[in-house]
Amino acid sequence: RFAAELVETTFILLVVPYVACALEAGTLADELLSARWHGTGPYLQALAFPGLLLATTCCLDRAFDSFRRQNVAFALEASFTLLALCLVAMLSGRIDPVLIAWAFAGAAIIYYWTYFLVTFVSCGFPLADFRHASVSGALAVGVTLALGALVHQLHSFGLRLAAYAILLFLTVVLWVQLRNGAVILRSVLQSRVSGGGGLENSRTDIEQSGQE
C-alpha cells in the first residue's frame, strides 16, 4: 500500500506545476531561457506529462530492489529504450520533429503506467491500491487541464502564477475530500518520519501473510 500511496501523493502535489509548465511552455522557453532555447516550447509541452510520470514513479525502483525483482525492472527499461530508439529512427525525416516528440511522449506515458502496474504485479502489492491511485491521477489530470486552460487565458503572467497556486490548493483539497487524501498523506508522512522503511515493511508484511 505504501508504494501506491507515495506515488499518488507525489502525483497530486506535482500535477499542477507540470500542467502549468506545459501550458506556459512557450513563455517559459522564450522569456526565461537563453536564446538557443527560444522556440522549444512545443517540445517542452510534449514532454511535460512524461516528465510528471517519471518524477512520480522513480521511487518504484526501490520496490524492485527490496523484493529482488531487479530483472523485471531491467527488462522493462531495456524494452522501452529499444522501442523509443526504433520509434524515433522510424519517424525521423518523415514527420515534423514536434510530432515525433509527441509520439515519444505517448510511448513514454504508456511505459510509465505499465511500469507502475508491473511493480504491483511482480511485488505482490494489492491491485486495488493501484486502481485507486490510477483513478485519482486521472481525475486530477482532468480537473487540472480543464481549469488550467481557463487560467492560461489570463493576460498577466503574474496573475496566472497566482491562479496556478490557487489551482494547486484546490486540487489537493478535492483529493483530500473526495479520494481519502488525508489518510493517504498521513500514512506517507508517518512512514517518512518513522525511518522511511515503507517498501521494506511492505515486503515483510507480505511475507508474513504468505507464511500464515
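The values are calculated or read from the model by the stated rules, or taken from the named source; none is laboratory data. Everything quoted here is computed from the prediction, not taken from an experiment. Calculation scope for accessible area: heavy atoms of the full protein, side chains included, ligands and nucleic acids excluded. Shrake-Rupley method; radii C 1.70, N 1.55, O 1.52, S 1.80 Å.
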| query | Any idea of Thr171's accessible area? Nearest 10 Å², probe 1.4 Å. | reply | 10
| said: So if I take the centroid of the Cα atoms in the stretch 61-125 and the same for the stretch 135-154, what is the distance between those two points in Å? | reply: 25
| field | Leu159 accessible area, 1.4 Å probe, all protein chains in place, Å² to nearest 10 | value | 110
| field | Rh by Kirkwood over Cα pairs, then Stokes-Einstein D for the stretch 4-43 at 0.692 mPa s and 37 °C, µm²/s | value | 291
| request: Can you check how the C-alpha radius of gyration of the stretch 49-128 compares to 2.2 N^0.38 Å, as a plain ratio? | output: 1.23
| said: Restricting everything to alpha-carbon atoms, can you work out Rg to Rh for the chain with a Kirkwood hydrodynamic radius? | reply: 1.01
| Choice from Ala46, Ala182, Ala108 showing the highest fluctuation, given a GNM over the chain with Cα pairs closer than 10 Å | Ala182
| remark: log10 I(q)/I(0) for the stretch 83-139, Debye formula on C-alpha points only (no solvent), q = 0.16, 0.22 Å⁻¹, two decimals, reads -0.62, -0.81
| remark: P(r) of the stretch 16-80 over all Cα-Cα pairs, 10 Å bins starting at 0, rounded to whole percent, reads 20, 34, 22, 20, 4
| query | Got a number for carbon plus sulfur as a percent of the chain's accessible area, 1.4 Å probe? | reply | 68
| Can you list the HN-Hα couplings for the stretch 78-95, worked out from phi with the Karplus curve (6.51, -1.76, 1.60; θ = phi - 60°), rounded to whole Hz and with x for Gly and Pro? | 5, 5, 5, 4, 5, 4, 5, 4, 5, 4, 5, 5, 5, 8, 4, x, 9, 10
| field | Accessible area (Å², per residue) of the chain, counting only protein heavy atoms and a probe of 1.4 Å | value | 55
| query | What is the helix-to-structure angle for 2-23, meaning the angle in degrees between its Cα long axis and the longest Cα principal axis of the chain, kept from 0 to 90 and rounded to the nearest 10? | reply | 0
